[in-house]
Amino acid sequence: MKPPEVSITVTDLSLRFPVYGVDAKSLKKNLARVTVGGRLGSSNTGATEVTALSNISFNLRPGDRLGLVGHNGSGKTTLLRALSGAYEPDEGQIEVRGRIAALLDLSLGIDPSATGVDNIRLRGRIAGMSAKEIEGKMDEIAAFSGLGPFLAMPMKTYSAGMQARLAFAVATAVEADVLLMDEWISVGDAEFKKLAHRRLLNLVERAGILVLASHDTQLLRLYCNKVMRMEGGIASEVKDIRRIDELLAAA
Amino acid sequence: MESAQHMLRTGRRGTLFEFSMALRDLAMSWDRRGLAWSLAWHDVVSRYRGSILGPFWITISMGLMVLGIGLLYARLFGISVAEFMPYVAMGIVFFGLMSGTINEGCETFVQARNMLSQTALPMFAFVWRTVLRNLINLAHHAVIIVAVIVVFGLWREMVILPALAGLVLTVLNLSWISMLAAIASARFRDIPQFVMSVMQFAIFMTPVFWKPDAFPDRHAFLTLNPFYHMLTTIRAPLLGEQADGLSYIVLAIAAVLGWALTFSVFAVTRRRIVHYL
Ligand SMILES: Nc1ncnc2c1ncn2[C@@H]1O[C@H](COP(=O)(O)OP(=O)(O)OP(=O)(O)O)[C@@H](O)[C@H]1O
Ligand SMILES: [Mg+2]
């Protein structure tokens with residue numbers, strides 16, 4: 001058997017959120033015109049539902065770095081979570097070959113009352129590293145975070161920027177083929193941003209595929225070579241990043 | 001079908017498919033058993049961070065309860081302390097395992113919400129986390145059991161193997177109850193309250209503090225109480241008595257039926273659980 005190539009194949013993906021404890025009827029009158037959000041409606045059983053993704057299909061191959069753009073609530077985060085394997089499709093199919101690293105939320109698995117070092121271990125375990133792998137990477141992660149003696153202190157004594165540094169350092173320490181990121185790269189001070197940028201580029205180079213959701217077109221131009229626009233859960237075609245303005249104007 | 005290298009997610013494809021996906025989740029939780037263990041251990045460590053005695057605080061409060069109830073009730077019931085104290089000690093410690101695993105089961109998925117909504121981690125891993133955490137706590141409280149065994153010289157008559165078998169059967173049953181509570185609590189937020197009330201009621205209805213001598217063996221009042229069977233299969237052998245074989249059979253059947261039920265519920269609701277949260 002040949003080693004599986006890195007790829008993402010999404011076919012006719014639809015995803016609906018059931019919303020419990022809300023009466024759809026009381027919502028309907030407020031639905032006249034909305035620019036944000038997915039479509040609200042009722043399922044055949046009468047429960048309220050939000051259609052976050054409908055009929056999305058695309059293909060990504062090694063070297064593809066896809067930027068997702070779209071209004072608030074257009075389904076970018078939902079698509080990333082579906083690609084990470086957390087949300088199951090209601091219809092259609094998602095196939096991802098290669099190790100997935102989802103960097104959607106920096107605070108994932110972080111326990112504020114535990115020390116920096118403990119949090120590195122915890123987060124590493126969640127990301128799928130073995131205890132041994134984590135110990136092997138500990139020095140590198142510690143050095144990159146630049147937190148020095150603070151690593152022995154509880155996370156709750158950190159400033160927001162310090163927390164972000166640590167979380168970023170661990171989150172990007174994983175070996176991955178497919179990297180999923182939701183907008184959060186703007187962390188830390190200027191110096192750290194530069195470091196983070198270099199590390200990300202490095203990671204993106206090693207990872208075969210990147211999917212990055214962002215509202216910042218500058219950022220997308222920097223990291224991505226392709227772009228897809230989401231609108232109310234419907235995706236445009238995947239286009240070259242140079243046509244991003246055209247894509248945004250087409251609304 | 002699924003590995004770290006390959007992920008396939010599809011829409012519903014019939015009941016059989018849903019069951020195979022649930023089975024896959026279970027298998028993955030075995031592959032990632034280190035994770036469940038790390039999380040459980042982390043829970044214990046972090047709950048008691050900054051305290052000197054850690055989980056032994058609970059052990060101490062249990063120990064005091066054992067002393068108090070052991071002395072008082074022995075007098076009230078007119079039983080010798082040497083007979084009653086070990087009985088109560090084991091009752092309190094093992095019932096603690098039962099109520100802990102079930103009550104905390106309500107939190108299993110709710111607490112893991114963040115991780116479940118952005119990773120492909122197996123949901124079973126979080127069930128094991130709750131069970132393992134309670135076993136770690138039990139290991140601390142075992143100090144009390146060892147103490148009564150030594151002080152009252154129980155080691156002369158006790159038999160370990162049947163007690164271990166009872167413990168294994170008990171944990172098998174507690175796990176499915178805990179998981180069922182986890183799924184139900186994710187969907188309906190009043191379940192934790194309900195479960196807590198049931199467990200509070202159960203501690204009095206189960207022979208934890210009192211001896212079931214007033215009832216003839218196999219009285220329906222006892223036979224229908226699963227906690228009675230769990231407790232008696234672990235406690236009786238340690239006290240050097242023989243537990244009723246029926247209790248082992250009841251537990252074994254309950255484990256099989258309970259897991260069949262829980263697994264089916266999981267197979268059907270698995271996709272939705274993350275949206276309940
Ligand atoms: N847990 C949830 N339950 C119900 N509906 C949800 C949930 N998460 C998202 N949605 C709905 O799904 C739609 C898409 O949301 P999503 O978070 O994917 O948007 P987004 O493109 O990431 O937006 P933003 O730019 O604000 O981050 C929205 O209509 C939102 O209301
Ligand atoms: Mg978003």
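Residues in the range B:2-28 that are more than 12 Å from B:A120 (Cβ to Cβ) and either within 25 Å of the chain's Cα centre (by Cα) or more than 11 Å from every other protein chain (Cβ to nearest Cβ) (or both): B:G14, B:T15, B:L16, B:F17, B:F19, B:S20, B:A22, B:L23, B:L26, B:A27. Of the residues making up the range B:101-123, just one is more than 14 Å from chain A (Cβ to nearest Cβ), open to solvent by less than 20 Å² (accessible area, probe 1.4 Å) and either of a type in the set (D, E) or touching a Lys or Arg at 6+ places or on another chain (Cβ under 8 Å) (or both), namely B:T108.
Within the range B:208-231, the residues that satisfy the criterion of being touching a residue at least 40 places away in the same chain (Cβ under 8 Å) and part of a helix (DSSP H, G or I) are B:P226, B:F227, B:M230, B:L231.
Considered as a group, the residues in the range A:45-87 that are among the basic types (K, R) and away from every other protein chain (no Cβ under 12 Å) include one that is farthest from A:I209 (Cα to Cα), and that residue is A:K76.
Just for the range A:48-75: of the residues that are open to solvent by less than 20 Å² (accessible area, probe 1.4 Å) and within 11 Å of ligand 2 (Cβ to nearest atom), which one is farthest from A:P18 (Cα to Cα)? Of everything passing the filter in the range A:48-75, A:L68 is farthest from A:P18 (Cα to Cα).
Look at (1) assigned to a loop (DSSP other than H, G, I, E, B); (2) under 30 Å from B:R13 (Cβ atoms) and you find that A:S113 fails only one, number (2). Screening A:S113, A:S107, A:S159 for residues that are without any contact (Cβ under 8 Å) to a residue 12 or more places away in the chain and open to solvent by 10 Å² or more (accessible area, probe 1.4 Å) leaves exactly one candidate, A:S159.
Let's see how each residue does on (1) in contact with a Pro (Cβ under 8 Å, 6 or more places away or on another chain); (2) within 27 Å of B:R270 (Cα to Cα); (3) part of a helix (DSSP H, G or I):
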site	(1), (2), (3)
B:S20	no, yes, yes
B:A40	no, yes, yes
B:S51	no, no, no
B:S61	no, no, yes
B:R75	no, no, yes
B:I79	no, no, no
B:A82	no, no, yes
B:M85	no, no, yes
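Quick grid of which residues meet (1) within 10 Å of ligand 1 (Cβ to nearest atom); (2) under 23 Å from A:V238 (Cβ atoms); (3) at pLDDT 90 or above; (4) among the small types (G, A, S):
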{"residue": "A:A32", "(1), (2), (3), (4)": "no, no, no, yes"}
{"residue": "A:T35", "(1), (2), (3), (4)": "no, no, no, no"}
{"residue": "A:G67", "(1), (2), (3), (4)": "no, yes, yes, yes"}
{"residue": "A:E95", "(1), (2), (3), (4)": "no, yes, yes, no"}
{"residue": "A:A102", "(1), (2), (3), (4)": "no, yes, no, yes"}
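Of the numbered criteria (1) open to solvent by 50 Å² or more (accessible area, probe 1.4 Å); (2) part of a strand (DSSP E or B), the one A:V211 fails is (1).
The values are calculated or read from the model by the stated rules, or taken from the named source; none is laboratory data. None of the values given here were measured: they were computed from a predicted structure. Please note: Cβ atoms are built from the backbone with ideal geometry, for glycine as well, and neighbour counts cover all protein chains shown. Protein only, heavy atoms only, side chains kept; ligands, DNA and RNA dropped before computing areas. Shrake-Rupley method; radii C 1.70, N 1.55, O 1.52, S 1.80 Å.
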